[in-house]
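Below is one structure, written out as structure tokens; the observations come after it.
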């Protein structure tokens, strides 16, 4: 899957997150399922699917989705904790306690998991287990998995609030294949957030679809000028260079990528290998 396709996939993922935050779990479920259909190895999408299934009352399916997520990423303490919460709410206290313990092994400073473990143990042995004063909380609600925020050296502040709205509008336009309008919208946002590396990369993706490849490369260069370690922009640039037939330059980007993100570098290496000439 190319970086441009991954960008579109990320938009669908973000749409699912926003739907879930509005408690529209049916719509969110469809979004995450579409993401999984395109990228079955996306662990967080499986976890978020589990969250939606649980909220829709489909508990057994929710557990299966979380278990699938953990097979893909067994070190995700948050996902382990979320599964423990579901099991606790289903009255499966022994298994829930095991999950809370596992979450604490993965992340020892995880207060919610510690509360969950205490409450599960109390349910298992109410006569001998006593809460410490002031520690009678229920396990914290499942924390919904959010995707990474827009990549930027300088977080958007109050003055760039309008930029956030423009960024979101650009995503909607891009998702609807209105690449020219998406580009224009993101460039308006850039007036308020010129050091948002993700915005430059977004523009590169739109320019790519518009066939303006030289400008797309320049947009990637701007993203990397803002953040030289922004591997997503490096990947985007390499894909555009390959489209231009510039395999040698893409190989140079691969060399840099191996230092920044070895996992993404493997995807780039496969992409380069698939391009002949």
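The values are calculated or read from the model by the stated rules, or taken from the named source; none is laboratory data. All values reported here derive from a predicted model rather than from experimental measurement. We place every Cβ from the backbone using ideal geometry, glycine too, and count neighbours over all the protein chains shown.
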Has the stretch 238-252 got at least one residue that is free of Cβ contacts under 8 Å to residues at least 24 places away in the same chain, in a helix (DSSP H, G or I) and under 23 Å from the mean Cα position of the chain (by Cα)? no
Is there a residue in the stretch 246-255 that is within 18 Å of residue 10 (Cβ to Cβ), surrounded by 22 or more Cβ atoms within 10 Å (Cβ to Cβ) and not assigned by TED's automatic domain parsing to the domain that holds residue 41? no
Going by the conditions given, is residue 61 at pLDDT 90 or above, under 25 Å from residue 12 (Cα atoms) and more than 19 Å from the chain's Cα centre (by Cα)? yes
Being surrounded by fewer than 18 Cβ atoms within 10 Å (Cβ to Cβ) and under 21 Å from the mean Cα position of the chain (by Cα) is the filter here; which residues of the stretch 170-187 pass it? 172, 175, 176
Among the candidates 85, 79, which residue alone is in contact (Cβ under 8 Å) with a residue 60 or more places away in the chain and either closer than 20 Å to residue 51 by Cα or not assigned by TED's automatic domain parsing to the domain that holds residue 65 (or both)? 79
Of all residues in the stretch 197-237, how many are touching a residue at least 40 places away in the same chain (Cβ under 8 Å), buried (at least 22 other Cβ atoms within 10 Å of the Cβ) and farther than 21 Å from residue 267 by Cβ? 1
Where residue 152 falls short, out of the listed (1) assigned by TED's automatic domain parsing to the domain that holds residue 204; (2) surrounded by 14 or more Cβ atoms within 10 Å (Cβ to Cβ); (3) modelled with pLDDT under 85: (1)
Qualifying positions in the stretch 256-270 - more than 22 Å from the chain's Cα centre (by Cα) and either within 14 Å of residue 228 (Cα to Cα) or assigned by TED's automatic domain parsing to the domain that holds residue 42 (or both): 256
Need pairs with beta-carbon distance below 8 Å; first residue under 18 Å from residue 90 (Cβ atoms) and within the stretch 39-64, second not in a helix (DSSP H, G or I); sequence gap 6+ or separate chains. 47/76; 47/145; 51/142; 51/144; 51/145; 54/142; 55/23; 59/90
